[in-house]
Every structure is written in structure tokens, then in C-alpha cells.
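*Asks:* Below you'll find the structure I mean.
Only the coordinates and a few stated rules stand behind these numbers; no lab work does. Model, not experiment: these values are computed from the prediction. When we count neighbours, we look across all protein chains shown, and the Cβ atoms used for this are built from the backbone with ideal geometry, even at glycine.
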Amino acid sequence: MKDDSIEPYKGSTIQHGPKSNRVYLMKIGDSDPDELAISLKQLAEERGYTKIVAKVPASSATGFLQQRYVKEADIPGYYNGREAVLFLCLYTDPERQKLQNTDKISHNIMLAENMRDKPHPSLPEGFRLIACRPEHADAMSRLYKTVFPSYPFPIDDTVYILKTMETSIFYVGAVHDEAFAAFASAEMDVEHANVEMTDFATLPEWRGRSLAILLLEKMEQTMKNRGIKTAYTIARAVSPGMNITFARAGYTFSGTLINNTNISGSIESMNIWYKRL
């Protein structure tokens with residue numbers, strides 16, 4: 001299935017399409033919040049999308065709440081360490097609003113919280129961590145294609161990786177005997193001093209070595225050095241691994257986005273975790 005499109009919309013930036021069957025307001029930009037809350041509903045209805053998720057400053061939320069959007073998560077300090085961002089959601093199909101795997105998701109959050117005091121991992125023998133460069137893009141796209149049957153962004157496309165390297169995304173990799181074992185990325189919003197820690201992927205044969213948390217720590221240090229104030233992630237709610245990784249790294253859970261994202265072949269719920277750097 002073709003990837004969902006990212007495009008400007010009435011002064012904002014949205015992602016939309018049938019893959020995740022939603023409209024995702026990524027940046028509110030210069031849009032009038034009250035008008036945008038209505039026009040996103042109209043767009044969803046016209047295209048038959050069953051969910052809208054709007055990422056908006058707390059100060060711009062009133063118009064969305066009046067249109068019956070519901071807060072599913074938030075990130076305090078998202079805007080330059082001062083103002084929170086809210087994830088406000090509206091469903092055109094009540095069936096999509098029903099959280100599946102409730103017990104498993106609750107168990108994963110509890111499990112993650114209980115792992116906070118686990119000892120800090122060391123880099124396994126034979127591994128090194130590097131900042132990725134353009135010459136690594138082919139290897140990156142191949143590994144992502146191997147790990148993820150589907151993904152909300154085209155990280156299995158070498159051209160996409162090269163383009164994002166030139167703009168706002170810092171990629172890191174774990175190397176073993178000159179071959180890549182894992183990757184992750186830090187997607188920076190320099191204007192607002194926040195970063196999404198994302199795109200974690202480890203080849204099956206190298207899992208269980210805490211590579212994700214080691215990559216996360218390397219990205220955090222780089223982001224601190226660049227003046228970023230707040231880090232966050234959007235992690236698969238049914239998968240314990242990444243939730244545990246972020247809890248161990250000192251992140252705070254702040255909500256679940258219900259049936260939100262097409263990843264690994266189906267639409268899944270996603271957990272939000274954040275940390276002040």
C-alpha cells in the first residue's frame with residue numbers, strides 16, 4: 001500500500017491517507033485552531049478516514065475540545081520547555097475508538113515501570129555506536145525493510161533517508177564486525193527545542209543485548225549538546241520492548257493513542273513517553 005502523504009494544509013502540516021486510515025495534524029503552523037478543528041473533520045469525512053489525531057499546543061486546544069476531540073496523551077514542555085503539546089483525537093467510526101488488547105497494554109506499562117531500576121547495560125563486546133552518514137543510507141533502508149513489514153514513514157527508502165539526514169533527523173547505528181545490527185533516529189524540532197526518539201530497529205539475531213537503550217543514550221547526549229530540551233517517543237503499545245527501554249531511560253508515560261498507526265502490517269495503539277533533557 002502506498003505511504004500516507006505529508007503535505008501543507010491551510011497553514012499547517014498534516015499526514016493523511018488510507019494506510020493508517022487517519023488524518024494526523026503534525027504541526028499547527030499558522031492555521032486558525034478553531035477553523036482547523038472543523039476543516040480536519042470535513043477532510044476526514046470526505047476521504048472516509050476513521051480517525052483524526054491533532055498534535056496542538058495546550059493554548060490552542062479549546063476549539064478542538066469544543067468539536068468533541070478528546071485528549072489521549074500529552075507532552076509537557078514540548079514547546080521550548082515551557083508549553084505542553086496535546087494529542088487530541090476524534091473518531092468518525094466508533095469501532096476504531098475501542099481499545100484492543102487492553103490487558104496486554106496495561107501489563108506492558110506496568111512491566112516497564114517495574115524495570116526502571118534495572119542496572120545500566122554495557123555495550124556488548126564487538127559492538128560500537130556511530131552517527132550515521134549518507135554512505136550508510138542503503139544499509140539502513142535494507143535493515144528497516146527487513147524489520148518492519150509496514151511503517152508510517154518510508155524509512156525503507158534510501159532517498160527518504162538521505163533527504164531527512166540533510167534536514168532534521170539524526171540517525172545512529174550499532175555496528176558489529178563492520179555490519180549494522182541496529183538503528184534509531186532523533187527527529188528534531190529545532191524551533192521548539194524538542195525531539196522524537198524513533199525508528200528503533202534491531203535485527204532479530206542481535207536482540208536481547210540492550211542495543212536500543214544504548215542508541216537512545218547516544219542520541220540523548222547529542223540532543224543535549226544541540227540545546228534540545230524535551231525528548232519523547234511514540235512506542236507500540238502491545239510490544240513490551242520499547243516501553244521498557246524508555247522507562248529504564250527515565251521517561252514518563254503520558255497516554256495511549258488508540259488504534260493509531262499502521263506499523264508491522266496492521267493498525268496499532270501507541271504509547272507516549274517523554275523526558276526533560
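*Asks:* Considering every residue within the range 68-84, establish whether at least one is farther than 19 Å from residue 6 by Cα and in a helix (DSSP H, G or I).
*Replies:* Restricting attention to the range 68-84, the residues satisfying the condition of being farther than 19 Å from residue 6 by Cα are 68-84.
Next, from what is left, pick out any that are in a helix (DSSP H, G or I): none.
Checked against the condition, which is being farther than 19 Å from residue 6 by Cα and in a helix (DSSP H, G or I), the range 68-84 yields no hits at all.
*Asks:* Return only the number of the condition from (1) farther than 29 Å from residue 188 by Cβ; (2) assigned to a helix (DSSP H, G or I) that residue 117 does not satisfy.
*Replies:* (2)
*Asks:* Which members of the range 120-130 meet the condition of being out of contact with any Ser or Thr (no Cβ under 7 Å at 6 or more places or on another chain) and assigned to a loop (DSSP other than H, G, I, E, B)?
*Replies:* Taking the range 120-130 as the starting set, the residues that turn out to be out of contact with any Ser or Thr (no Cβ under 7 Å at 6 or more places or on another chain) are 120, 122-130.
Correct list: 120, 122, 123, 124, 125, 126.
*Asks:* Would you pick out the residues in the range 16-52 that are polar (S, T, N, Q) and more than 12 Å from residue 5 (Cβ to Cβ)?
*Replies:* Here is the first cut: in the range 16-52, the residues polar (S, T, N, Q) are 20-21, 31, 39, 42, 50.
21, 31, 39, 42, 50, listed by residue number.
*Asks:* Here is a further query. Pick from the range 135-164 the residues that are in contact with a helix residue (DSSP H, G or I) (Cβ under 6 Å, 6 or more places away or on another chain) and outside any loop (DSSP other than H, G, I, E, B): which of them is surrounded by the most Cβ atoms within 10 Å (Cβ to Cβ)?
*Replies:* Only one residue tops the list, namely 161.
*Asks:* For residues in the range 68-100 being of a type in the set (Val, Ile, Thr) and surrounded by 15 or more Cβ atoms within 10 Å (Cβ to Cβ), which is farthest from the chain's Cα centre (by Cα)? If you could, list the steps in order and put the result at the bottom.
*Replies:* First, pick out the residues of the range 68-100 that are of a type in the set (Val, Ile, Thr): 70, 75, 85, 92.
From the residues that got through so far, the ones that are surrounded by 15 or more Cβ atoms within 10 Å (Cβ to Cβ) too are 75, 85, 92.
Details: 75: 12, 85: 14, 92: 23 Å.
In this case the residue turns out to be 92.
*Asks:* When you check residue 95 against the structure, is it out of contact with any helix residue (DSSP H, G or I) (no Cβ under 9 Å at 6 or more places or on another chain), among the acidic types (Asp, Glu) and part of a strand (DSSP E or B), yes or no?
*Replies:* Against the criterion (out of contact with any helix residue (DSSP H, G or I) (no Cβ under 9 Å at 6 or more places or on another chain), among the acidic types (Asp, Glu) and part of a strand (DSSP E or B)), residue 95 does not qualify.
*Asks:* If a residue has to be farther than 20 Å from residue 78 by Cα, touching a strand residue (DSSP E or B) at 6+ places or on another chain (Cβ under 8 Å) and in a loop (DSSP other than H, G, I, E, B) to count, how many in the range 6-63 make the cut?
*Replies:* Residues flagged as farther than 20 Å from residue 78 by Cα, touching a strand residue (DSSP E or B) at 6+ places or on another chain (Cβ under 8 Å) and in a loop (DSSP other than H, G, I, E, B) within the range 6-63 amount to 5.
*Asks:* Looking only at the range 120-151, how many residues end up being farther than 15 Å from residue 184 by Cα and in contact with a Gly (Cβ under 9 Å, 6 or more places away or on another chain)?
*Replies:* Number of matching residues: 2.
*Asks:* Does residue 65 meet the test of being free of Cβ contacts under 8 Å to residues at least 24 places away in the same chain and over 20 Å from the mean Cα position of the chain (by Cα)? Quick ask: steps written out before the conclusion?
*Replies:* Working: free of Cβ contacts under 8 Å to residues at least 24 places away in the same chain: yes; over 20 Å from the mean Cα position of the chain (by Cα): yes.
Yes: the conditions hold for residue 65.
*Asks:* For the range 185-208, how many residues are crowded, with 20+ Cβ neighbours inside 10 Å and either under 11 Å from the mean Cα position of the chain (by Cα) or among the basic types (Lys, Arg) (or both)?
*Replies:* Qualifying residue count for the region: 6.
*Asks:* Something else: Would you confirm whether or not the range 50-59 contains a residue that is surrounded by 15 or more Cβ atoms within 10 Å (Cβ to Cβ) and over 19 Å from the mean Cα position of the chain (by Cα)? Let's see the steps before the verdict.
*Replies:* We begin by selecting, within the range 50-59, every residue surrounded by 15 or more Cβ atoms within 10 Å (Cβ to Cβ); these are 50-58.
When the remaining residues are screened for being over 19 Å from the mean Cα position of the chain (by Cα), the result is 50, 58.
There is at least one residue in the range 50-59 that is surrounded by 15 or more Cβ atoms within 10 Å (Cβ to Cβ) and over 19 Å from the mean Cα position of the chain (by Cα).
*Asks:* If you scan the range 213-240, which residues turn out to be out of contact with any strand residue (DSSP E or B) (no Cβ under 8 Å at 6 or more places or on another chain) and either without any contact (Cβ under 8 Å) to a residue 24 or more places away in the chain or of a type in the set (Phe, Trp, Tyr) (or both)? Spell out how you get there, then give the answer.
*Replies:* Step one: list which residues in the range 213-240 are out of contact with any strand residue (DSSP E or B) (no Cβ under 8 Å at 6 or more places or on another chain), which gives 213, 217, 221, 224-225, 227, 239-240.
Residues satisfying the conditions are 221, 225.
*Asks:* Tell me the residue from 32, 3 that is in contact with a Pro (Cβ under 9 Å, 6 or more places away or on another chain) and more than 23 Å from residue 274 (Cα to Cα), please.
*Replies:* Details: 32 fails: in contact with a Pro (Cβ under 9 Å, 6 or more places away or on another chain).
3 is the lone residue from the list that is in contact with a Pro (Cβ under 9 Å, 6 or more places away or on another chain) and more than 23 Å from residue 274 (Cα to Cα).
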